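The values are calculated or read from the model by the stated rules, or taken from the named source; none is laboratory data. Owing to the predicted nature of the structure, the values given are computational and were not obtained by experimental measurement. So basically every Cβ, Gly included, is an ideal-geometry build from the backbone, and we count neighbours across all protein chains shown. The protein model used for the area step is the full one, side chains on, heavy atoms only, and it has no ligands, DNA or RNA in it. Shrake-Rupley method; radii C 1.70, N 1.55, O 1.52, S 1.80 Å.
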Amino acid sequence: MASLSFSHSLPTKHSTVSNQLHSKTPKAPTPQTLVLLPSSSQSLFYGLKFATAVSCKTSTAAFRKISIFAKVTKGTTPPPFTLKDQDGRSVSLSKFKGKPVVVYFYPADETPGCTKQACAFRDSYEKFKKAGAEVVGISGDSTDSHKAFAQKYRLPFTLLSDEGNKVRKEWGVPSDLFGALPGRETYVLDKNGVVQLVYNNQFQPEKHIDETLKLLQSLK
């Protein structure tokens, strides 16, 4: 009897892997993810308040394109404003004309860096008075928040409520962490309302006081 021979060709490991590789379509690059931590870790950011974790996705190209320039620079006259203070009274920038004024924008009341900065201005307030200068803090917090903040830390200077951040935008105050954190920027205006100093330092809030006092002393 003639013998029958059956031949069955099994795929080799090499051919299986090769077929799998050729069958897959290339994937688009995964966007980079910047994770901002919840409020329990807000001290890392010196002014960032979040109730829950936030994930901000942006491509590498987007990182390259981010570029913010301040509109108010040394030697210019900043846009005028009228805002409510911690007692609900309207305060205009023009009120301070005739004397130097320190206008500092900060991220938010009750955050670690902003509290440290406000208390440093408080502790050096007599030096500012001797220099004939006024101190004005501005953030997007409400007047009620400012009042509680000022009372809690016995702040002797004016806090203005820029809800909606209109003045911040008009002055061109740059943000940090790719727009997630409002900037911390200080301006010193001379008695004619002309900017003599623009100082930006998000993570060393006390340095703002040193730099402004140094400038004020040179204006005498």
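Descriptive notes on the structure:
- Calculated on alpha-carbon atoms, Rg and Dmax of segment 61-220 in Å: 14.8, 50
- Surface accessible to a 1.4 Å probe, Y153 within the full protein complex, Å²: 50
- When each of the peptides 130-136, 155-161 is scored by how many other beta carbons lie within 10 Å of its residues on average, the order from highest to lowest is 155-161, 130-136.
- Remark: relative contact order (segment 97-219) = 34 percent; criterion is Cα-Cα distance under 8 angstrom and separation of 6 or more residues.
- Rounded to the nearest Hz, the phi-derived 3J(HN,Hα) couplings of segment 165-174 under the Karplus curve 6.51 cos²θ - 1.76 cosθ + 1.60 (θ = phi - 60°) are 6, 4, 5, 3, 5, 5, 7, x, 5, x, where x marks glycine and proline.
- Mean projected area of the convex hull spanned by the Cα atoms of segment 148-220, taken over all viewing directions: 6.2 nm².
- Once backbone amide H atoms are built at 1.01 Å from N, D176 has L181, G183 as its partners under 5 Å, excluding neighbours fewer than 5 places away on the same chain.
- 14 Å Cα-Cα reach of K97 towards aspartates and glutamates, excluding residues that sit fewer than 8 places from it in its own chain: E134, D190
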